[in-house]
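> One structure follows; several queries about it will come next.
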There are 2 protein chains.
Amino acid sequence: MVLVVRGELRLTTGKVAAQVAHGAVMLARRIERESPARFADWWKNGQRKIVLEASTLSEMEELERSARARRIPTVWVEDAGLTEVPPGTRTCLALGPAQDFEIDPVTGGLPLL
Amino acid sequence: MVLVVRGELRLTTGKVAAQVAHGAVMLARRIERESPARFADWWKNGQRKIVLEASTLSEMEELERSARARRIPTVWVEDAGLTEVPPGTRTCLALGPAQDFEIDPVTGGLPLL
């Protein structure tokens, strides 16, 4: 599973962690229902999570299009906007879980956060 | 749900986010199975996640004892230790989900991360 954080928002560490956790829980729950084999494979291999950073929302939208074209599941995290950003702001894109060869062409160029 | 990060480890932002996400996924999954009503209540109220910081492992162990005494679910995150810390290092304690009045006596004194 890859979690891409929107760098331009300059969120605090705690806020970043909460957004990434929202994305991970939503995506894990969806995959467990929709693709049990994919979920089981990910779970037994240590529930791997990679946190990366993209600069802008448009960069993240391009990642989502690229993932969809490869049939990799995606989930957007939108913040309720009670603290650091306006309501509905997209803060994180969760993708996968997928094998490295599937997801590297999508997110392989992004830096670790 | 409250996620308590172990401050003394001085993890990077990406590492903190991954540990918090591990804790959130493990705890959410367990609660969905063991306490469906508690899970449903948390889910429909926005899956709230609060990320706090404790200084030391012994402080976190005391939090866990206090939570258990109040029948609040807890999960430890232990890192596989491939990058920043030795294998098996406890990096995060996930607690809840719970009502504020239940969990505030346990974690109310900790700073936001």
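> Among the residues of segment A:1-59 satisfying the criterion of being over 16 Å from residue B:50 (Cα atoms) and polar (S, T, N, Q), which is farthest from the other protein chains (Cβ to nearest Cβ)?
Among residues in segment A:1-59 that are over 16 Å from residue B:50 (Cα atoms) and polar (S, T, N, Q), the one farthest from the other protein chains (Cβ to nearest Cβ) is A:58.
> Out of (1) closer than 25 Å to residue A:79 by Cβ; (2) modelled with pLDDT under 95; (3) not hydroxyl-bearing (Ser, Thr, Tyr), the odd one out for residue B:49 is which?
(2)
> Okay, moving on. Any idea which of A:99, A:19 is at negative phi, of a type outside the set (Val, Ile, Thr) and touching a residue at least 60 places away in the same chain (Cβ under 8 Å)?
Exactly one of A:99, A:19 is at negative phi, of a type outside the set (Val, Ile, Thr) and touching a residue at least 60 places away in the same chain (Cβ under 8 Å), namely A:19.
> Would you call residue B:61 open to solvent by 70 Å² or more (accessible area, probe 1.4 Å) and not small (Gly, Ala, Ser)?
no
> Does segment B:18-36 contain any residue that is buried (at least 24 other Cβ atoms within 10 Å of the Cβ) and more than 14 Å from residue A:22 (Cβ to Cβ)?
Yes, segment B:18-36 has at least one match.
> Would you check which residues across segment A:60-88 are at pLDDT below 95, in contact with a helix residue (DSSP H, G or I) (Cβ under 9 Å, 6 or more places away or on another chain) and away from chain B (no Cβ under 14 Å) and list them?
A:85
The values are calculated or read from the model by the stated rules, or taken from the named source; none is laboratory data. Computed from a predicted model, the values in this text were never measured in an experiment. Note: ideal-geometry Cβ built from the backbone for every residue, glycine included; neighbour counts use all protein chains shown. Just so you know, the surface numbers come from the protein's heavy atoms only, side chains and all, with ligands and any DNA or RNA stripped out. Shrake-Rupley method; radii C 1.70, N 1.55, O 1.52, S 1.80 Å.
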